[in-house]
1. How fast does the chain diffuse by Stokes-Einstein, in µm²/s, taking the Kirkwood radius from C-alpha pairs at 20 °C and 1.002 mPa s?
2. Under the rule a/c < 1.5 gives rounded, and otherwise a/b versus b/c splits prolate from oblate, where does the stretch 191-323 land using the Cα gyration tensor?
3. Which distance in nm do the two modelled labels at residue 306 and residue 407 give, with both placed 7 Å along the Cα-to-Cβ direction?
4. Which one, 326, 114, 246, has the greatest fluctuation when you compute a Gaussian network model over the chain with C-alpha springs under 10 angstrom?
5. Treating the angle as unsigned and between 0 and 90°, give the value, to the nearest 10°, between the Cα long axis of helix 368-393 and the longest Cα principal axis of the chain.
6. Against the 2.2 N^0.38 Å scaling, with N counting residues, where does the stretch 31-183 land? I'd like the Cα-based Rg ratio to two decimal places.
7. Dipole of the chain (Lys/Arg Cβ +1, Asp/Glu Cβ -1, origin at the Cα centre): which of 13, 307, 405 lies farthest to the positive side?
8. How far is helix 192-208 tilted off the main Cα axis of the chain, in degrees rounded to 10, range 0 to 90?
Amino acid sequence: MNSMLATTQTSISNAARRIGWTAEQIKDFLKPTQSHYYDLTITMDDGHEKKFKAYRIQHNNKRGPYKGGIRFHQQVDEHEVQALATLMTIKCAIANLPLGGSKGGIVVDPKKLSLTELEKLSRAWARAFAPHIGPEIDVPAPDVNTSGQTMSWMVDEFIKVSQDLIHTPIQKHAAFTGKPINLHGSPGRIEATGQGGVYVLEALLAKIGKKPADTTVAVQGIGNVGYHFALHAQKLGCKVVAISDSKGGIYAADGLKSVEHALKHKHASGKLEGVPGTRHIANEHLLELAVDILVPAALENAITVHNAPKVKAKAVIEMANGPVSSEAEGMLTKKGIIVIPDVVANAGGVTVSYLEWYQNMHEETWALEQVNVKLKKYMSDAFDAVWKYHLKHSVSLREATFEIALKRVDGA
């Protein structure tokens, strides 16, 4: 069992015991409802055939159809996929979405495949797993190293091999989310995770009586999630003083002039370093800045027992999956640092995926403003429920999150 699965199951077991679940109930919940495995064979560009191990683990569907991404990565394995599927059940429940949790993946380094080979592999996944997915069964979405293009290939293949479904053409597209707009995707899906995290930030600031203009933010990781968090935090009025990528970051004590300009500089030069009015900062030092809000949006276990004593932020918003180790979280909490768990903070992606699915199923198309109004309500309501529970029962925000989620699943 890998560390992610062990940590996830420990957190769930502890929360379940606190709310009175029996050992048998806990065992039943931790076990996925179904696990599917296939060897996908495609013909490579040079003419030889190659096999790829593929997974889809469906953890729990008591609240509605399974929902979860598909990742293409060389380190994908059964235990990781199971952990992520389980966390999707928790995430959908805490966001109060009528969905369950699942996850999928292919063991592959996508950088070593041509575009043609990636399309073949994507279509092979959709063909193999077609009997186990569908708009009212299990709805995949993009994840690590997959995109709207991946979903385009998959939904096209799924429709070809699922002609017996009674759904209308638009409803068939609801079998996958994260699609391009011209294939019945939803406005706001690309920036949804980062935007949703900023709605949580806004809700937190309201709880602690702090104005955005008086709030400093540092974001580790400037990929899709980190970039849109930093961008929308700046639009909210916060001072984004530092951002970084894998090579390091930039810092400006009075706040970056433009997060958008910084990303353009990175694309043009290949690095963040050199943005006018900033100085270079190492990733490890970014985590130690005396800011109001620290946002680890890159790697698992970015904050551990080794660097937790040096964290000076007033609050940590987990935008990556598992960026704070459980031991480190205990240390931060003892120091009075607020830690908002990933399953709350980064639930914006699955929330807009749900809104995309809903639009497809009802053959509707919403404007970006309408999507964002709904996203903000889901994220604000989720955080508000966790915050109130945490105060009422004197538990951490993570403990509150898991207890609320388990109660919602149990009550479905």
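1. 99
2. Rounded.
3. Output for this residue pair reads 3.9 nm.
4. Comparing 326, 114, 246 in a Gaussian network model of the chain, the most mobile one is 114.
5. Value to nearest ten degrees: 60.
6. The reported ratio for this selection is 0.99.
7. Highest projection toward the positive end goes to 307.
8. Tilt of helix 192-208: around 40 degrees.
None of the figures in this text is laboratory data; all of them are computed from the coordinates on show. Please read these numbers as outputs of a predicted model, since none were measured by experiment. In this analysis, Cβ positions are derived from the backbone assuming ideal geometry, glycine residues included, and neighbour counts consider all displayed protein chains.
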